[in-house]
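Some notes on the structure that comes next.
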Amino acid sequence: MSRLKPSAIKSNRTKIELFLKGSHFFRGLVLTSSLIIPLLTFNALGYMSLAPSFVIGTFLNAPSDIPGSLRRKVNGTLISIVLTMLISVLVLYAKRSFSLSLIFISLITFSISFLSAYGFRGALLAFSSLLAMVLAFAIDKTTSVEIWTHVLLMCSGGLWYLLVSLTLHKIIPNKDENQLLSETLKLTGDYLEVRAKLLMETRDRETHIKETFVLQSQINEKHETLRELLLANRKRSGRSHFDEKRLLMFIALINIFELVVGNSWDYDKFDSLFGKDNKHLGTFSKLNMAMSGQLKELSQIFITKSEIPDKEHIEACLVDAHHAISEYVALYKPTEAREGALIMRNLHDYQKQILQEVEGIRYAMANMYEASKVSLKRHEANQFLTLQEYKPQILLQHFSKDSVIFRHALRLTIAIVFAFILGNFFEIQNSYWIMLTILVILRPNYGLTRERAKNRIIGTVLGAVIAFGVVMLTQNLIVYTVLSVICLILAFSLMQQNYRWAATFITLNIVFVYSFIHPNALSVIQYRVIDTVIGGIIAFAAIYTLFPSWEVLNLKSVLLDAIIKNNAYLNATQQLYQDKKEHQLAYKVARKEAFLALSGLSAAFQRYTQDPKSKQTEFKLIYDIVTLNQTILSGIASLGSFINSYKTTPTSSESNAIFSRISNTLSRTATLVDAEHEFEVQPHGNIKEAKEKLMASYHVLSEERDANLKDGFKKIDKHDLHQLQEAHLISNQLIWLVALSSNLKKAITRYKNQFG
């Protein structure tokens, strides 16, 4: 029998500890307790018949309790309570009539689905409301007294959960922020690891580049939520040492992200310059991997509160990388090695900057409660917040056949109505389970619907098999009680993390709960599996045949946004180059907007890759467009990062001319995507001449360096080195951006010709 290695045992133990100490398990524990405490209380008082209504109200209004500002959390829960009450009343009165039920199902499903236009919180409000509609068909209340008693108890259950949530927020206010910071540390470490692989692994670069798309989108989502939590809370309740340290960590993570994105290299040039499998570049890859490992360790320690790891390995890797530069120069003549050495020097400097940010995170975690003031004024913080607007006009904007939300609302309505008719026509027992399955599985895009359908069916079957085994082994109600509580906690804990296992534990919980009511639990298992499979098939058929939203047709808006925001970021970088102090804030805001736009484009591309192969029209073209946008952003970020990090020389007319040329090209590209986009042409003169003069400044500095070497001055002054680095990086990056923007314009022209 094989035994687990000590490292594997330690890893598994750490995973369990992270899960049990994380906010997801805590939320599952809170919600389960919020359901069980009322049940026990009503039972003790002899009013058990009233408990289900109260518990349903608690369950329905819990989804709105997601990470975010306290005000939005409270408002979201209160709106959820009102909507679930109203819909329950309407359906309970209407369900006496088949035709009236059909009308109400259609109107409620279609109208409520539009709430997802208000972002994730709006989507959860829509889910709670539609879940209330479906569950109303499972509730046997006929008289007005019964209906209103049920609805008022639902309201009380919702208010009870809100009270529990607010109380725990006061007692443990930082649970969500800590979890998000931990997850962001982990994702940033993963991103560094992929970039380390890109530096050396030539075969799988396209796969790794696609991985960066996914990670960029995930990291940006975390950043947006953390901005709302940390900056909004700071503005509202002032500053504590603990809050300041978390804000320091967040700023460091943003800086690392910019540094990594801003140093996307021309890997083909690397291969031709250094050769494949170059041992000198390997030292830089190892340093990236070491910093990646450190961030992942810190992400665990932030939750487990264990000892901060040492930094000896990272420092050794940094020294090796530094030596690799001198070793490379020693292999060649200084003049032949200059370009490679400058690239390696820039790579080394960028990694030192990342290491400084990692050190800042280490320090913040080791001294969480010591005084440390973050210089961020209130009006500056406001500019970094991107809060969801809730204006009625937003709903009206989506009332169009071209809107993904409109098509999803129509598709979901037809699927739910079909399931309702099917259940009534064939008199299916508990047919509302079919409607419930459709509601849970059917998403606005094909890829997510397919994944949820697969995971829901597999999870349900797996749960049914396990439940069957338990029921066959014992009919002990105490065992059922304990297992149902454990399964409920795990189901709620895993809902956002692993939907397949969440579905498994939901099925187990339902079977064990029904075992109290019906002695024949095996029939419950049977119907649960059948209804889930039917619901999954209907959901999958709906997403494929009813007003399909193939992602290739939805790229226009995200493409336009990415191009416009990249252009704004470029202009902000040019202004930063001219005056750092004056334009620092505007640069950072433009950077944030550009990163968010890239995240939206990366997420759209990810959805596109999940569509059926037959619907992935012009895959190579779309991939090139997304990659070009990412590379352009990286080039701009590289310029901004260098300008921010070093004392730079005054901007030349040649660099300003090339900035203007790139901006004009991006603006013209935006008009290809949307003819209504307006822009003002920036004069730039003869670009060929500007390029030559810009490169000439680098060659002049290179020749001066050659003369110094000839005269025996081998050691270079730091100021001269930075000037040489600046001339090399600025000239190469700007000329590269001219080519990239031109290639993007050509690719968008092909896209327009193909898709109109």
When the charge dipole of region 175-375 is computed with +1 at the Cβ of Lys and Arg and -1 at the Cβ of Asp and Glu, the Cα pointing farthest to the positive end, of PRO309, ALA196, SER326, is that of PRO309
Measuring from the longest principal axis of the C-alpha atoms of the chain, the long axis of helix 241-261 (C-alpha) lies at a number of degrees, nearest 10, equal to 60
In whole µm²/s, the translational diffusion coefficient that Stokes-Einstein assigns to the chain, given a Kirkwood hydrodynamic radius over C-alpha pairs, 10 °C and 1.306 mPa s, equals 55
The alpha-carbon center of region 108-147 and that of region 337-369 are separated, in whole Å, by 51
LYS352 neighbourhood, Cβ < 12 Å, K/R = +1, D/E = -1, net charge -3
Burial-style ranking of 397-405, 523-531, average other-beta-carbon count within 10 Å with highest first, yields 523-531, 397-405
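Packing-wise, with mean Cβ within 10 Å as the measure, how do 477-488, 191-202 rank, highest first?
191-202, 477-488
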In the neighbourhood of ASN554 defined by beta carbon distances under 15 Å, the net charge of the other residues (Lys, Arg +1; Asp, Glu -1) is +1
Here FRET efficiency (C-beta to C-beta, GLU680 to MET472, R₀ 51 Å, nearest 0.05) is 0.10
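Set the bar at 28 Å for Cα to Cα. Now go through LYS279/LYS565; LYS186/LYS245; LYS245/LYS581; LYS401/LYS613; LYS296/LYS391; LYS15/LYS245 and name every pair that lies beyond it.
From the list (LYS279/LYS565; LYS186/LYS245; LYS245/LYS581; LYS401/LYS613; LYS296/LYS391; LYS15/LYS245), the Cα-Cα distance tops 28 Å for LYS279/LYS565; LYS296/LYS391.
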Per the 1/(1 + (r/R0)^6) rule, R0 = 60 Å and r from the Cβ atoms of THR649 and PHE619, FRET efficiency to 0.05 is 0.85
CD proxy, 222 nm, the chain: helix-only mean residue ellipticity via -39,500 (n - 2.57) per DSSP H run with n ≥ 4, per residue, nearest 500, stands at -27500 deg cm²/dmol
Neighbour-count ranking for LYS210, LYS580 (other C-beta within 10 angstrom, fewest to most) reads LYS580, LYS210
Everything considered on the Cα gyration tensor (a ≥ b ≥ c; rounded for a/c under 1.5, else prolate if a/b is larger than b/c, else oblate), region 401-549 must be described as prolate
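Peptides 103-114, 656-667, 15-26: what's the order by average Cβ count within 10 Å, highest mean first?
The most tightly packed comes first, giving 656-667, 103-114, 15-26.
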Longest principal axis of the chain (C-alpha) makes with the long axis of helix 23-45 (C-alpha) an angle, in degrees to the nearest 10, of 20
With +1 at each Lys and Arg Cβ and -1 at each Asp and Glu Cβ, the charge dipole magnitude of region 553-755 around its Cα centre, to the nearest 20 debye, comes out at 580
Gyration tensor on Cα atoms of region 175-375, a ≥ b ≥ c root eigenvalues, a/c under 1.5 rounded, else prolate if a/b beats b/c, else oblate, says prolate
Computed for the chain: size of charge dipole around the Cα centre, +1 on C-beta of each Lys and Arg, -1 on C-beta of each Asp and Glu, debye to nearest 20, value 1100
A chain fully extended from THR207 to GLN578 at 0.36 nm per residue, minus the present Cα-Cα distance, gains in nm 129.7 nm
Between the residues LEU342, THR617, ASN455, the Cα farthest towards the positive end of the dipole of the chain, that dipole coming from +1 and -1 charges on the beta-carbon of Lys, Arg, Asp and Glu, is from ASN455
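Taking the Cβ-Cβ separation of ASP402 and LEU100 as r and a Förster radius of 35 Å, what is the calculated FRET efficiency to the nearest 0.05?
0.60
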The helix 477-494 Cα axis meets the longest alpha-carbon principal axis of the chain at an angle in degrees, between 0 and 90 and rounded to 10, of 30
At the level of C-alpha centres, the distance separating region 473-511 and region 518-596, in angstrom, is 31
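Checking the a/c ratio against 1.5 first, then a/b against b/c, what shape does the Cα gyration tensor give for region 17-172? Can you show the working numbers first?
Values: a/c = 2.34, a/b = 1.29, b/c = 1.81.
Because a/c hits 1.5 or more and a/b fails to exceed b/c, region 17-172 counts as oblate.
Can you give the extra length, in nm with one decimal, that the chain gains between LYS269 and VAL465 once fully stretched, where that is 0.36 nm per residue apart less the Cα-Cα distance? Display every interim value, and only then the final one.
Values: separation 196, 0.36 × 196 = 70.56 nm, distance 5.56 nm.
Length difference between fully extended and current span is 65.0 nm.
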Between ILE394 and LYS693, the two model label points (7 Å from Cα along the beta-carbon direction) sit apart by a distance in nm of 4.9
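If you place +1 on the Cβ of every Lys and Arg, -1 on the Cβ of every Asp and Glu, and leave all else neutral, what size is the dipole of region 449-573 about its Cα centre, to the nearest 20 Debye?
120
Computed from the coordinates by the stated procedures, all read-outs in this text should not be read as laboratory data. Keep in mind the model is a prediction, meaning the values are calculated, not measured. All Cβ positions, glycine included, derive from the backbone under ideal geometry; neighbour counts span all protein chains shown.
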